[in-house]
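Please treat every number below as a calculation from the coordinates, not as lab data. As the structure is a prediction and not an experimental result, all values here were calculated from the model. Using ideal geometry, Cβ is built from the backbone for each residue, glycine included, and neighbour counts are taken over all protein chains shown.
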There are 2 protein chains.
Amino acid sequence: MGSEQCRTEDLCDRSQRVEPTEAEVARDRSQPGEPSDAALVRDRSQPVSIRDVARAAGFSYQTVSRVINESPNVSDATRDAVLAAIAELRFRPNRAARALAGGPLQAVTVLATSTSLYGYAAAIEGIEEATREVGFAMGFRTLKGVEPEAMHEAVERAIEPASGLIVIAFDPAGALALECVPPEVPTAAMIQAPAAGLTPAPSHVWIDEFAAAKAATKYLLDLGHQTVHHVPIPDWSGSTPRLAGWRAALQEAGVQPGLVLKGGWTAEWGYEAGLALAKQPEVTAVLCGNDEIALGLMRAMYENGRAIPEDVSVIGFDDVPYARFAFPALTTVRQDFKALGRVCFARLLELGEAGLSIGHAETPQAELVVRETAGPPASATEGSSARPPPRATA
Amino acid sequence: MGSEQCRTEDLCDRSQRVEPTEAEVARDRSQPGEPSDAALVRDRSQPVSIRDVARAAGFSYQTVSRVINESPNVSDATRDAVLAAIAELRFRPNRAARALAGGPLQAVTVLATSTSLYGYAAAIEGIEEATREVGFAMGFRTLKGVEPEAMHEAVERAIEPASGLIVIAFDPAGALALECVPPEVPTAAMIQAPAAGLTPAPSHVWIDEFAAAKAATKYLLDLGHQTVHHVPIPDWSGSTPRLAGWRAALQEAGVQPGLVLKGGWTAEWGYEAGLALAKQPEVTAVLCGNDEIALGLMRAMYENGRAIPEDVSVIGFDDVPYARFAFPALTTVRQDFKALGRVCFARLLELGEAGLSIGHAETPQAELVVRETAGPPASATEGSSARPPPRATA
DNA sequence: CGATATCCTGCATACGTTTTTCCAATCTGT
DNA sequence: ACAGATTGGAAAAACGTATGCAGGATATCG
């Protein structure tokens with residue numbers, strides 16, 4: 001109701017001011033003369049321009065532009081008047097026009113391999129939330145099915161004027177994409193870990209997965225397991241921080257490292273690895289590259305009569321929402337990708353000349369969440385029970 | 001090879017033509033005179049404009065525009081020459097400029113409550129894939145935390161010139177957002193089901209969940225269950241197609257309907273519902289509003305000594321990727337949200353005046369995927385076993 | 001009180017594209 | 001061969017915003 005009334009007033013105000021200065025309208029709307037009924041045509045979806053605001057406030061539209069862009073050379077009185085007019089008219093700047101005129105950063109495009117994998121989806125959610133706070137638009141482009149040779153082209157396509165880039169470089173495709181970004185494009189990235197030796201770019205963010213994997217592996221070792229096996233997530237440089245952390249813990253404990261299986265992102269990979277591992281009775285503990293893998297592996301273990309955690313302990317990575325409802329509930333390393341997304345966008349903002357920033361952007365810590373899938377090895381208590389799984393076929 | 005040669009010729013052509021006509025360049029680049037070194041400044045991220053293409057092809061830049069927009073009044077020879085120049089220079093039209101000049105639809109913004117819930121993530125993936133095929137940009141905006149009163153404002157903010165809208169209206173917030181979209185904005189939507197009685201908008205798409213829920217319920221009934229209970233997903237109008245289908249199957253079978261629990265989207269809700277249901281021995285079959293709910297419910301059942309499927313059968317909805325790796329593997333109703341996303345975008349495209357379209361866009365069918373969580377009730381075979389779950393605490 | 005520095009504002013132009021208008025060239029039919 | 005019809009291509013005006021430049025107003029100082 002209130003807003004309804006407000007809008008009516010706006011209309012009145014506007015028509016009252018505009019009517020007597022028909023000439024002014026024509027002059028103001030486009031430098032050379034123009035059919036004077038221009039005002040009547042303004043009923044499109046984005047009807048109010050800075051010119052309308054300027055007219056309402058009684059200044060030239062350039063001054064309005066200065067207010068919007070927080071130019072220092074505007075008197076407080078003018079600024080307030082313009083701001084009031086902006087609020088009054090519910091003006092929102094036209095993104096396309098700003099971009100065209102070389103305005104400041106006002107959008108991000110996220111480049112990622114997937115939207116449905118948990119880590120990616122959560123990161124996107126965090127980024128979106130952050131963009132909303134500062135009025136940025138968020139675009140999205142997938143890297144799926146892009147051949148390495150075509151990556152340059154794919155990245156180029158994602159670049160728009162007045163728009164930054166956030167690359168989720170958790171996987172080979174993402175990392176390659178990151179390398180393909182021209183240096184002049186404002187870019188931030190979520191990476192697995194900074195390259196060894198090099199000082200990481202300030203706009204690259206990551207969670208310390210090395211330490212987390214090491215701690216998780218140590219946790220299993222401390223439980224009494226002889227060694228720990230690993231099913232990694234995909235990588236392209238021969239290792240991942242998760243794998244490296246696992247290896248480091250094993251070395252530190254002076255223990256012979258377990259097997260490294262073939263890795264992937266999905267439960268299928270975990271299932272395959274589980275099938276292979278289940279056949280080997282000496283396998284009692286597995287650190288999985290992510291929770292999907294862990295879930296698939298657990299399934300394979302059960303199918304082969306290996307009880308969890310009695311016969312084999314499993315630890316996942318990420319803490320997907322359903323991990324705690326798995327059966328048994330999955331012990332895992334929680335990673336707050338949403339928070340990391342926020343941080344990443346904050347870094348991008350710091351790159352831009354715009355004085356914008358968002359609140360609450362601290363790099364999250366990984367954290368071991370102990371639930372039910374990890375316990376002492378059977379040898380530490382009694383013989384393996386190898387109880388068959390609770391299936392209908394039992 | 002042929003095209004290779006062609007390109008070389010173009011290059012020669014170009015340098016020969018451009019060099020001697022420095023003045024022409026200046027004239028061409030901006031109507032009033034301009035510092036003639038403008039060409040030197042062109043080393044930004046989007047360096048090549050239609051003017052560059054025109055110069056390379058030997059035509060005016062307006063002709064290039066016509067070729068791009070497939071205007072009929074361009075000779076084949078001219079078109080080919082321009083197209084060659086475009087390929088040569090790797091020209092890509094500037095989205096902002098096209099939008100500003102009132103060009104055709106070239107972007108979509110997806111409005112949805114969540115990115116991480118499976119159905120949403122999959123739909124987004126489908127939409128993204130489809131947008132890529134026709135060179136559209138894809139934006140994304142979340143509805144999370146938007147109060148109903150603020151919805152209009154939130155939707156308005158998501159509207160950009162030359163950009164359509166896709167609303168994922170599976171939930172109350174999405175449905176409200178859909179209502180808030182001004183009629184002049186090209187919009188398509190994914191909905192739960194068309195409103196009863198009304199002819200659905202041609203740009204609204206949905207999967208026949210009613211039939212699927214009915215079939216799933218019937219499947220349980222045919223297995224010998226006395227009745228089926230239901231844990232719904234959230235809704236605002238008192239029902240959902242899934243719930244209605246469930247009820248219809250029960251009515252058709254002349255069976256007293258089971259309980260309708262309080263619903264939500266996540267496993268937590270299913271867990272709570274499961275806790276309540278597990279206490280009632282007469283509960284032998286539950287249709288869940290989605291797979292997360294089913295997983296949470298299964299967990300609650302196990303914790304209370306109710307074996308699945310021996311004591312209670314469970315059917316989920318959606319077929320999330322990890323459903324088949326759950327333990328027992330979840331019987332569920334598969335829904336191809338990715339395909340639905342494609343279809344939705346195809347509908348949006350049909351709305352636009354642009355003659356664009358994408359391949360492979362048929363509304364997907366829901367499909368019951370029989371796995372391990374549904375079986376005949378214990379009464380149909382013998383007494384309930386109530387075997388304790390395979391936990392460490394056992 | 002006048003001069004100078006400072007601050008604010010308006011003017012003109014640019015951004016890359018679409019679109020409308022218009023003219024020239026080509027083709028058709030007789 | 002000529003009038004008319006048709007077609008191909010060019011010119012110019014938008015679209016909404018940003019910004020360098022210059023001029024005007026105001027404040028400060030001598």
Net charge around B:Gly245, counting only other residues with Cβ within less than 11 Å of its Cβ (Lys, Arg = +1; Asp, Glu = -1)? +1
In the neighborhood of A:Val74, defined by Cβ-to-Cβ distances under 15 Å, what is the net charge if each Lys or Arg adds +1 and each Asp or Glu adds -1? -1
Amide H neighbours of A:Ile233 at under 5 Å, excluding residues fewer than 5 places away on the same chain, with H built from the backbone geometry, are A:Gly289
Which order do B:Cys180, B:Cys344 fall in if you start with the one that has the fewest other Cβ atoms within 10 Å? B:Cys180, B:Cys344
Counting other C-beta atoms within 10 Å, which of B:Ile315, B:Ile86 has the fewest, and how do the rest follow? B:Ile86, B:Ile315
What are the distances, in nm and sorted shortest first, from the label point of B:Gly254 to the label points of the same position in each other copy, with each label point placed 7 Å from Cα along the Cα-to-Cβ direction? 7.8
Just rank A:Arg324, B:Arg157, fewest to most, by other beta-carbon atoms within 10 angstrom. B:Arg157, A:Arg324
Distances from A:Leu356 to the same position in the other copies: list them in nm, one decimal, shortest first, using label points 7 Å from Cα along Cα→Cβ. 2.5
Summing +1 for each Lys or Arg and -1 for each Asp or Glu, what net charge is found among the other residues whose Cβ lies under 14 Å from the Cβ of A:Ile127? +2
When the Karplus curve 6.51 cos²θ - 1.76 cosθ + 1.60 is applied with θ = phi - 60°, which whole-Hz ³J(HN,Hα) does each residue of the stretch B:151-163 get, with x for Gly and Pro? 5, 3, 4, 4, 5, 4, 5, 7, 7, 10, x, 6, 9
Please list, ordered by chain and number, the residues whose modelled amide H lies under 5 Å from the amide H of A:Ala137; skip anything fewer than 5 residues away on the same chain. A:Ala107, A:Val108
Inter-copy label distances at A:Gly58 (7 Å, Cα→Cβ; nm, one decimal): 6.1
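So what's the stretch B:194-299 giving for Rg/Rh, alpha carbon basis, Kirkwood Rh from the mean inverse pair distance?
That ratio equals 1.00.
I need the semi-axes of the equivalent ellipsoid of the stretch B:132-235: take the C-alpha gyration tensor, multiply each eigenvalue by 5, square-root it, list largest first in whole angstrom.
34, 16, 13
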Length-normalised contact order for the stretch A:72-181 - Cα pairs under 8 Å, 6+ apart - percent: 32 percent
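To the nearest 0.05, how large is the calculated FRET efficiency for A:Ala150 and B:Glu362 if R₀ is 35 Å and r is the Cβ-Cβ distance?
After rounding to 0.05, the efficiency reads 0.80.
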